[in-house]
Amino acid sequence: MPVKSAKSKSPASKSRPAPERDVAPAKVVKIGKRLEAVAREIKDADEFVEHVAGLAKRYRREQALRVGDAQAELRQSLRTFQKHASALAEWLQQANSGKANAIERKAFDALGTKLFGSPVLARPQSTQTLDWLTRAAQAADETIGEMKQGGPEDALRIAAEGLRATFEHHKLKLATGSDKKPGDAVRLLCAIAREAGETIEPPAAKAALRDGHRPAAAA
């Protein structure tokens, strides 16, 4: 009786890899084309570009923190006051000097009668209130425009520190150059700020790089 030969496994079945587990892809930090171009001019390496992208992200985060919720709420409150103060000033203007049949004037007369027994007695105070509201609305508008949005100093300083460490890690010379011909580190720091929507002049970037614990190398 013939002996049945055992079926041998094919080499393909032996080398078949185990099913791969689903692995979430690493998050890639986005970087603008202009910033990437500046970075690759300095060092055309993906790791270096990735580090620069991280610095730009940190700059934007610090920039947002500088504005902060409190500053935003304060500006919004001033806008609300300016809006209502302007509207009330306009209403009082119509009530005091508008046409005799103007609805604002009739409403004011009714209020004056309720408060003082006569609308005539209410007019001197309303004139003072109108003047105050007009000036206060203008002051609120000017305050909103002049309110410090948050200077770039903190974000620039943090980015400069990170850039110094990045240059050291990649064994790049931290030369700041001159005001007319900025060095690579200065150009890159200005580009990082520009990525966040801020314009930093080379002298400011140069000063930020030199103000760190490690002095910048001479150009």
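Laboratory data are not the source of any read-out in this text; all were calculated from the coordinates shown. Computed from a predicted structure; not experimentally measured. So basically every Cβ, Gly included, is an ideal-geometry build from the backbone, and we count neighbours across all protein chains shown.
So the values come out like this:
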| item | result |
| --- | --- |
| Eligible aspartates and glutamates near Lys180 by straight Cα distance, threshold 15 Å, same-chain separation 8 or greater | Glu201 |
| Long-range HN-HN contacts of Gly177 with modeled amide H, under 5 Å | Gly183, Ala219 |
| Cβ crowding within 10 Å averaged over residues, with 97-105, 170-178, 182-190 ranked highest first | 182-190, 170-178, 97-105 |
| For region 30-121: lysine pairs under 25 Å (alpha-carbon distance), excluding those fewer than 8 apart on one chain | 9 |
